[in-house]
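K.L.:
Please read through the structure below; I'll follow up with questions.
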Amino acid sequence: MTEDPSLSAADLIDHDRYPIEDLSRPAVQGLIERCRTELRERQVCVVHGFLDLDALARMAAEAGGLASQTYHRPGLRTCYLWSEAEPGWPENHPRRRMLVHNTHILAYDQIRGWTAIDRLYRWPPLRGLLAAILGKPRLYLNECPYQALNLLAFENSDESSWHFDMDNEFTVTLMLQSAESGGEFEVAPKIRSDADPAYGEVQKVLDGDHSRVIRVDRAPGSLVIFHGRNSLHRVSPVRGARTRLVAVMCYEPAPEIAGSQEVNAAVYGPRVAALQGGPGPAPAPAG
C-alpha cells in the first residue's frame, strides 16, 4: 500500500484543542506545563482526546485490519525483563519471580509509508511538542525499520506483566481501541530509584499490594507520555472479544539511533530474524 497524499497530519489531531504547530500559543504552553508537572509528580501524563474522532476511527480500522499479521509473543519474564530467573537470589525474590507476558505486535516495516499513524509519527510538530514537554532541545525519529513505530494488539487473556523499562528514557503511546474489560494501564510511580532498587516495595506490588499503584485513564484517542525506568507498570489482563489496540512511538534524543539485531529477532520473531539475514546491525529504513 502507498501513502495517501491527501492525508494531512494536522487533520489527524483535534486541532481546535491542540494547535501544536505553534508552541508559543497560550493553550499549548498550558498543556506543556501541565504535562511537565504530571510527569514530575506521577511519571505519566495523558493528553485526552488528542486524536480527531474520524482519524481515531481510521487508525483503529487500519490496526484492526492488520491483526492477522501480528507476531504473537507468549511467555514468561521477570519484572526486569529477563526471560529466565536470575541466579543467586532467594526463590521468591523479584529477580527470580516469573510473570506471564502475552502480546501481539506489528513491526514498523508492516505499517510504514501508508498508515495514518505513521503520518502522525513522522509529523515534526508532534516531535516539537514532545521535546518541549520532556525538556529536550530536539527529538529524532528512531531509524530502526522495526522498532521505530509499533502497534500492539491485546486479545482476550493477553497482558503485559509488571515490569520496569530498561533502556527507554521515556515512552510515547496512542490509545486506539480499548478492550471490553481489563487492559488497564497501572503504574507504581517512582517505586525505586537509581540508588535504591527497593526490592521490598517491588515485592509488595507483585504480591498484590496496590496501595502505591495508580490506574491511568487513557481512553481511545489519548496521547500518553511515560517514564517507566523506575516506575513499575503493567497492562492488566484483557477480557472480551474486542482487541485492545495501542501504538508505541519511538523517538530519540540524538540522531541515527536504531535497535540491535538481537532485540529485533527476539521481539518480532522469525520473519524479522530472516529479513535481517545474519549478524550485523539492523538495516536503516529506505529514504
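Where a number appears in this text, it was derived from the coordinates with a stated rule and is not lab data. These figures come from a predicted structure and were not determined experimentally. Quick reminder, even Gly has a Cβ in these numbers, built from the backbone with ideal geometry, and neighbours come from all protein chains shown.
K.L.:
Distance from the Cα centre of segment 220-278 to that of segment 159-189, in angstrom?
P.N.:
10 Å
K.L.:
Take segment 197-268, compute every pairwise Cα distance, and split them into 10 Å bins from 0; I just need the percent in each bin.
P.N.:
Using 10 Å bins, I get a P(r) of 11, 33, 37, 18, 1 for segment 197-268.
K.L.:
Rounded, prolate or oblate, given the Cα gyration tensor of segment 65-172, with a/c below 1.5 counting as rounded?
P.N.:
Oblate is the answer for segment 65-172, as a/c is 1.5 or above yet b/c matches or exceeds a/b.
K.L.:
How large is ³J(HN,Hα), in whole Hz, for each residue of segment 91-105 in order, when computed from phi with the Karplus curve 6.51 cos²θ - 1.76 cosθ + 1.60 and θ = phi - 60°, using x for Gly and Pro?
P.N.:
4, 9, 5, x, 6, 10, 7, 8, 10, 6, 9, 8, 9, 10, 9
K.L.:
While we're here: Along each of the three principal axes of the Cα atoms of the chain, give the extent in whole Å, ordering the values from largest to smallest.
P.N.:
Reported extents, whole Å, longest axis first: 58, 46, 39.
K.L.:
Here is a further query. Isolated Cys in the chain by the 4.7 Å beta carbon test?
P.N.:
Result for the chain is C79, C144, C250, no neighbouring Cys Cβ within the cutoff.
K.L.:
Counting only GluC sites (Glu not before Pro) that are in a DSSP loop and have at most 10 other C-beta atoms within 10 Å, tell me the longest site-free stretch of the chain.
P.N.:
So the longest stretch without any such site is 92-255.
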